[in-house]
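These notes are about the structure you will find just below.
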Protein chains: 2
Amino acid sequence: MNECKVIIMGFGAVGQGVANAISLKKDMIKQEHNVEVKVVAAADSSSSAICADGLDEQLLVSVKNDNGSLASYPEYGSDVCGIDVLDSVEYDCLIEATPTNIEDGEPALSLTLKAFEEGKDVVTSNKGHLALFFKDVVSAAEKNNVQFRYEATVGGAMPIINFVKDTLSSCKISSIEGILNGTTNYILSRMTSEGSSYKDILHESQELGIAETDPTQDVEGIDAACKTVILANSLLGIDATYSDVDVEGISNITSQAIELAKKDGYLIKLIAEVSPDNLKVSPRLVKQGSSYDVNGTLNMATVHTDLAGDVTVVGLGAGSLETASAMLTDLISILKNKY
Amino acid sequence: MNECKVIIMGFGAVGQGVANAISLKKDMIKQEHNVEVKVVAAADSSSSAICADGLDEQLLVSVKNDNGSLASYPEYGSDVCGIDVLDSVEYDCLIEATPTNIEDGEPALSLTLKAFEEGKDVVTSNKGHLALFFKDVVSAAEKNNVQFRYEATVGGAMPIINFVKDTLSSCKISSIEGILNGTTNYILSRMTSEGSSYKDILHESQELGIAETDPTQDVEGIDAACKTVILANSLLGIDATYSDVDVEGISNITSQAIELAKKDGYLIKLIAEVSPDNLKVSPRLVKQGSSYDVNGTLNMATVHTDLAGDVTVVGLGAGSLETASAMLTDLISILKNKY
């Protein structure tokens with residue numbers, strides 16, 4: 001039996017989802033891939049739990065939820081946090097789930113580069129460092145001859161990066177269009193079905209936990225723009241960064257505009273366009289009943305290929321366990337390549 | 001530079017598509033994967049062209065189209081055919097694209113097993129031997145420690161088998177539903193949009209080459225049932241064979257029934273259901289605007305997972321180059337694992 005020791009950095013919704021997913025699937029991974037996955041450390045922004053023999057994934061989640069901190073994890077809780085966690089215990093793979101930071105990509109950038117330099121594989125859900133420094137980060141992984149996977153950065157549980165790389169590898173991708181942000185799709189869907197105002201639906205979405213207290217990254221298109229950059233680099237080989245995307249959000253969309261569109265058989269959706277000529281996120285009219293007509297927090301993407309024609313994928317764009325499932329699939333791919 | 005010598009068995013639409021796809025993509029495969037792919041033999045049911053140094057893919061296609069036979073391929077044309085082709089030249093991978101035979105799975109079965117026994121990898125688009133003897137065929141590949149890939153058997157250019165295995169590997173699949181036959185979806189779509197009779201649209205589809213002269217395999221649901229068996233075995237681990245599928249085709253669907261459904265916001269689609277309790281192909285009412293509302297020769301499948309929720313994929317269910325693209329992706333996966 002091989003062993004894979006992982007560190008989970010970031011212990012919000014996604015980090016906890018990863019702990020839950022590992023807890024649910026570690027027996028399957030043992031049976032099918034002959035690898036024992038152990039969480040040797042988990043850390044949030046100010047605390048951690050660290051144990052070289054492996055922590056209890058469920059206990060990590062309940063300690064964090066009960067106390068708001070990992071410091072009170074029995075015996076192994078501590079105040080060690082940030083990059084120091086990577087020096088505190090032996091590990092094989094960093095699972096990087098810290099919050100996206102579009103200013104400087106930190107702490108994801110430093111964590112990821114340090115892991116690479118130490119010869120560790122990395123799975124990330126973080127869009128910041130990739131939207132800002134995609135080429136540098138990917139080059140660093142190649143230089144250090146480690147595996148780096150980032151399916152969860154785009155589309156949540158909707159496979160798109162591995163989908164194109166693994167299942168459309170014979171094809172050249174000319175462009176991709178899609179709905180890449182679940183929160184805005186949820187808001188627009190409810191504005192459409194209920195005729196309510198942007199403000200009212202945003203407020204309700206915040207109460208339901210679908211929109212964040214500060215909804216800027218979602219509603220202003222920043223999140224979708226980060227994903228646009230990641231798809232452009234990873235699937236179309238375009239050397240682009242965040243500032244290359246033309247971004248417009250949904251905060252100016254009125255219920256009147258949606259009503260007018262509906263009358264003519266259209267919907268308003270926040271569409272991301274990824275092509276060599278165009279990196280753009282903007283509200284657009286799409287036909288009712290078209291492949292863009294997906295509701296709620298669903299994401300979708302249509303990939304235009306040379307040999308296979310158009311291929312469309314639809315899946316849940318957010319959710320703790322859903323996003324974690326993409327990270328766990330990435331981890332399994334790493335294990336398959338390694339052992 | 002590594003070398004991969006392939007034999008293409010079956011030189012109808014799919015086999016010719018593979019030759020075209022290799023011609024289009026061999027430079028890409030050289031550059032990105034450092035492998036030179038050479039077609040060392042291609043054969044239809046009564047003739048072949050065989051050359052250990054490699055044949056010209058475009059010339060194969062034009063000779064076949066001009067003469068209806070490969071025997072007149074300059075210098076290397078011959079009457080060798082069937083299983084003897086595999087003994088006539090050294091090769092690494094069999095690309096098996098003979099017509100599906102649901103009676104006994106031949107000639108695909110014998111060709112595939114012989115290739116396995118000789119330690120060769122196989123890529124197939126053939127549903128017959130898999131629908132009848134899935135477990136035996138897959139076990140034979142494992143026993144001989146060779147790679148066996150069959151993405152093109154289901155969904156044409158719509159990725160589904162590799163999609164689930166590679167990009168949803170963290171998830172348990174509880175069931176799959178989908179539209180798995182392009183010809184019937186084309187006929188039903190046109191009956192819906194034009195109000196015409198089944199017979200008229202079938203006739204026009206035959207003239208357009210979308211339906212075969214003998215349309216039985218498509219319209220009676222046999223083709224979709226084969227695909228149902230392949231998904232059941234490969235993705236849900238169900239030990240099923242063709243006779244386990246409850247099959248009903250579309251030949252009794254009237255334009256009146258479609259009209260009635262439309263009035264209430266429904267469509268009639270030929271739906272395949274794959275679950276541990278149910279292997280079924282039958283015409284069903286689906287909601288307009290739902291994920292099943294895809295037109296023409298499109299295929300779709302919704303995969304129900306434990307961690308990632310529902311994931312849906314849509315793509316072209318048929319077409320020479322489209323289906324060939326799935327086979328070439330399979331070949332590239334084999335090369336990636338090998339070198």
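Structure data summary
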quantity	calculated
Within chain B, longest stretch clear of exposed GluC sites (Glu not before Pro) (DSSP loop, no more than 12 other Cβ within 10 Å)	B:104-339
Cα-based helix-to-principal-axis angle, A:108-117 vs chain A, degrees rounded to 10	50 degrees
Only Lys, Arg (+1) and Asp, Glu (-1) charged, at Cβ; the range A:144-274 dipole about Cα centre in debye	460 debye
Neighbour cut-off at most 12 other Cβ (10 Å), DSSP loop, trypsin sites (Lys or Arg not before Pro), the range B:97-128	none
Cβ-Cβ FRET estimate between A:S45 and B:S174, R0 fixed at 51 Å, reported to 0.05	0.85
Within a Gaussian network of chain A (alpha carbon springs, distance under 10 Å), most fluctuating of A:N295, A:N34, A:N181	A:N34
When the range B:271-339 is reduced to its Cα atoms, the Kirkwood hydrodynamic radius in Å	14.8 Å
Cβ-vector label at 7 Å, B:N34, separations to other copies in nm	2.6
Anisotropy class of the range B:35-118 from Cα gyration tensor, a/c 1.5 cut	oblate
For the protein assembly as shown, alpha-carbon Rg relative to the globular expectation (2.2 N^0.38 Å, N residues)	0.99
FRET E, pair B:L285, A:E103, Förster distance 51 Å, beta-carbon r, rounded to 0.05	0.45
Separation of alpha-carbon centers, the range A:47-72 and the range A:105-168, rounded to whole Å	25 Å
Label distances, nm, A:E259 versus same residue in remaining copies, Cβ-directed 7 Å point	3.7
Centroid-to-centroid separation of the range B:206-243 and the range B:81-95 [C-alpha atoms, Å]	27 Å
Taking N as its residue count, the alpha carbon Rg of the range A:165-316 over 2.2 N^0.38 Å	1.04
Gaussian network model of chain B, Cα within-10 Å springs - most flexible of B:D136, B:D218, B:D44	B:D136
Net charge contributed by nearby residues that have their C-beta within less than 10 Å of B:V123 (K/R +1, D/E -1)	-3
Within the protein assembly as shown, helix-based [θ] at 222 nm, where runs of 4 or more DSSP H residues each add -39,500 (n - 2.57), nearest 500	-12500 deg cm²/dmol
Stokes-Einstein translational diffusion, chain A - Kirkwood Rh over all Cα pairs, 1.567 mPa s, 4 °C, in µm²/s	63 µm²/s
Top of B:G77, B:G68, B:G156 by mean-square fluctuation, Gaussian network on chain B, Cα under 10 Å	B:G68
Residues in the range B:140-183 reached by a label modelled at B:D277 [backbone nitrogen below 20 Å; 7 Å Cα→Cβ]	B:172-178
Pairwise label distance in nanometres, A:D244 with A:N337, each label 7 Å out on the Cα-Cβ vector	2.3 nm
Cross-link pairs beyond the 29 Å C-alpha cut-off, checked among A:K336/B:K5; A:K199/B:K269; B:K26/B:K165; A:K38/B:K30	A:K199/B:K269; A:K38/B:K30
Three-way shape call for the range A:73-146 based on the alpha-carbon gyration tensor, with the a/c threshold at 1.5	oblate
Modelled label reach - A:E117, point 7 Å along Cα→Cβ, the range A:38-67 residues with backbone N closer than 19 Å	none
Other protein chain Cβ atoms within 10 Å, averaged over every residue that makes up A:152-162	3
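Readers should treat all values here as calculations from the given coordinates under stated rules, not as data from a laboratory. Remember, predicted model here, so these are calculated numbers, not experimental data. Methodologically, a virtual Cβ is constructed for each residue, glycine included, from the backbone with ideal geometry; neighbour enumeration extends over all protein chains shown.
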